[in-house]
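Student: Got a structure for you, questions after.
The values are calculated or read from the model by the stated rules, or taken from the named source; none is laboratory data. All figures in this text were calculated on a predicted structure; none of them were measured in a lab. Every residue, glycine among them, receives a Cβ derived from its backbone with ideal geometry; neighbour counts consider all protein chains shown. Heads up: the accessible areas ignore ligands, DNA and RNA and are worked out on the full protein's heavy atoms, side chains in. Shrake-Rupley method; radii C 1.70, N 1.55, O 1.52, S 1.80 Å.
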Amino acid sequence: MSYIIKGETGDWEVVIGLEVHAQVISKSKLFSGASAEFGASPNEHVSFIDAGMPGMLPVINERCVEQAVRTGLGLKAKINQRSVFARKNYFYADMPQGYQISQYDQPIVGEGTLILDMPDGATRAIGIERLHLEQDAGKSVHDLSPTKTMIDLNRSGVPLMEIVSKPDLRSPEEAGLYLKKLRSILRYLGTCDGNMEEGSMRCDANVSVRPVGSTDLRTRCEIKNVNSVRFVMMAIEHEAMRHVDVYESGGKIDQETRLYDSNKNETRTMRSKEMAHDYRYFPDPDLLPLEFDDAFVAKIKSTLPELPDDKKARFISAYGLSAYDAGVLVAEQDNALYFEEVANGRDAKLANNWVTSNLFGVLNARNVPITESPVSAKNLGRLLDLIADNTLSTRLAKEAFEIMVETGKDADTVVTERGMKQITDTGAIDAAIDQIIAANADKVEQYRAGKVQLIGWFTGQVMKATQGQAAPALCQELLKKKLEV
Ligand code: MN
């Protein structure tokens, strides 16, 4: 999937690195016992620590450390058994401490890998640079008063994992795939809910361009806090085009932080990019270096679930699915679970078709997750059994499925109530065939003269005459017998 921007002076490629802030699933904040829950009334969840009161001492939340290690293991990354919290100094009205407690040159997680699942079934490995723990800032609320800005400190101190990729991504599409895959892994691990709309996963994109064939990295711009996968892709595309235009008109790109405006589909300058030294990072004197041993890591490792890549590989080998189909099924853990319950002991490809086209179609139309599916995995499985034992043709099964969706009833009940049994009695089908042959002498003649594709038309007529309940294969067999005398 090569993505090239055709400029006036030549071809350009895009270089993208993503920084994702993922809110850690934890009951309490990173350094205080206040609740980290979303959606409380303003300033309801604020301890003296979160309010930056002088003399208050932070205490690390062990649960958040476990979650960071768990995420590092899920990203096949190096776990650093010694890491250091550092103060990142800057002023902002919603950050009362005057600094953010983050990690700088000694993060808790080092280099790792994330595998992109490309649409053509291929994969591509993207490097992870690091993952560190840090606290979130509060929130400035500008729309409650015409003259004042309100400060809500509920988010102050909420635990975040900042996950930084290497500049390995080469197109807006790859950036989108990266975010979806990362979100999928975080959800499997139970370390972040990945909800971009509520802000529990936020993305900054670093974008630069260079002539195709060149390997040096040019000046990048950082687009801040984009809140949906689609907008990240649009912002990158727009920003890359802007760089090409600037270079081709003889200008130069300044390193800066930019905002993406989704209404206008444009980025604009927010501030010139600060360098690390502007923040005067230094180790936080209130917190000891974070240290843990092999046993701590091993214990967390023993509780990891089967992750998307492994599950995908197993779905390919155990069920004979294509890489693409397996990738679609494993993206959400609940979908994978549902599929396995349907596929278990049945034709897996048929199960895949019913889950990904028929069922997903219904779920998308109703905008509900699979956990709220109107048809349970057990009921869908039973419907497939009725196809397998020839009680239902595919056509009848689709009708039964629609009724199951509407009524919530199981397959057997629907079949009995609607008398939906497929007709496999040759006598009844023969009678219908005789009538159709008698009434369509011209078509019979054409068929016998060699226009054999008319078999489809005849089958259709028999199906019609039997209200769709004749077994199609049997139908064709009997038709051929009578037409080919
Ligand atoms: Mn950060």
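Student: At 0.36 nm per residue, and after removing the present C-alpha to C-alpha distance, how many nm does the segment from Leu57 to Ser376 gain when stretched out fully?
Tutor: 109.8 nm
Student: Sticking with this structure for a sec: Report, in whole Å, the centroid distance computed from the Cα atoms of region 296-337 and region 176-249.
Tutor: The distance from the Cα centre of region 296-337 to that of region 176-249 comes to 25 Å.
Student: Sticking with this one: Would you please state the base-10 log of I(q)/I(0) at q = 0.16, 0.22 1/Å for region 308-418, with intensities from the Debye formula using one equal scatterer on every alpha carbon?
Tutor: -0.68, -1.21
Student: Check the straight Cα-Cα distances from Lys166 and name the lysines below 20 Å, setting aside those fewer than 8 residues away within the same chain.
Tutor: By straight Cα distance, Lys166 reaches Lys76, Lys78, Lys180, Lys181, Lys224, Lys273.
Student: Could you give me the radius of gyration and the Dmax of region 420-485, taking only the C-alpha atoms into account and expressing both in angstrom?
Tutor: Computed over the Cα atoms of region 420-485, radius of gyration and Dmax are 11.1, 37 Å.
Student: Mean separation of Cα pairs under 8 Å and 6+ residues apart, divided by the residue count of the chain: what relative contact order is that in percent?
Tutor: Relative contact order, the chain: 14 percent.
Student: Expressed in nm², what is the orientationally averaged projection area of the convex hull enclosing the Cα positions of region 375-414?
Tutor: Its average projected convex-hull area is 2.2 nm².
Student: Leaving out same-chain residues fewer than 8 places away, which lysines sit with a Cα under 21 Å from that of Lys398?
Tutor: Lys349, Lys378, Lys409, Lys421, Lys464
Student: Could you state the number of Å between the C-alpha centres of region 347-409 and region 126-141?
Tutor: For region 126-141 versus region 347-409, the Cα centre distance is 42 Å.
Student: OK, next. Please work out the FRET efficiency for the pair Ser262 and Asn367, using the Cβ-Cβ distance as r and a Förster radius of 22 Å; give the result to the nearest 0.05.
Tutor: Given R0 = 22 Å and the Cβ-Cβ separation, E is 0.55.
Student: While we're looking at this one, here's another question. Amide H to amide H, which residues 5 or more places from Ile223 or on other chains are under 5 Å from it, using H placed in the peptide plane?
Tutor: Ala205, Asn206, Val207, Arg258
Student: Still on this structure, I have one more. Taking the solvent-accessible surface of protein heavy atoms with a 1.4 Å probe, what is the per residue accessible area of region 4-300 in Å²?
Tutor: 47
Student: In nm, what is the difference between 0.36 nm times the number of residues separating Asp412 and Glu477 and their Cα-Cα distance?
Tutor: Using 0.36 nm per residue and subtracting the Cα-Cα distance, I get 20.6 nm.
Student: Please give the contour-minus-distance gain from Val452 to Ser2: 0.36 nm per residue of separation, less the Cα-Cα distance, rounded to one decimal in nm.
Tutor: Gain in length upon complete extension: 157.3 nm.
Student: Please compute, for the alpha-carbon atoms of the chain, the extent along each of the three principal axes and give them in descending order in Å.
Tutor: Largest first, the chain extends 96, 56, 53 Å along its Cα principal axes.
Student: Relative contact order of region 342-483: what whole-number percent is it, with Cα pairs under 8 angstrom and at least 6 residues apart?
Tutor: So the answer I get is 21 percent.
Student: Let me ask you something else. Ignoring ligands, DNA and RNA, what accessible area per residue does region 309-406 give at 1.4 Å, in Å²?
Tutor: Computed with neighbouring chains in place, this is 48 Å² per residue.
Student: For region 200-325, take every pair of Cα atoms, bin their distances at 5 Å starting from 0, and report each bin as a whole percent.
Tutor: For region 200-325, the pair-distance distribution reads 2, 8, 12, 11, 10, 11, 12, 13, 12, 6, 3, 0.
Student: Restricted to Cα positions, what overall size does region 46-185 have along the principal axes? Three whole-Å values, descending.
Tutor: 53, 41, 23
Student: Which distance in Å, rounded to a whole number, links the C-alpha centroids of region 21-44 and region 425-439?
Tutor: That distance is 72 Å.
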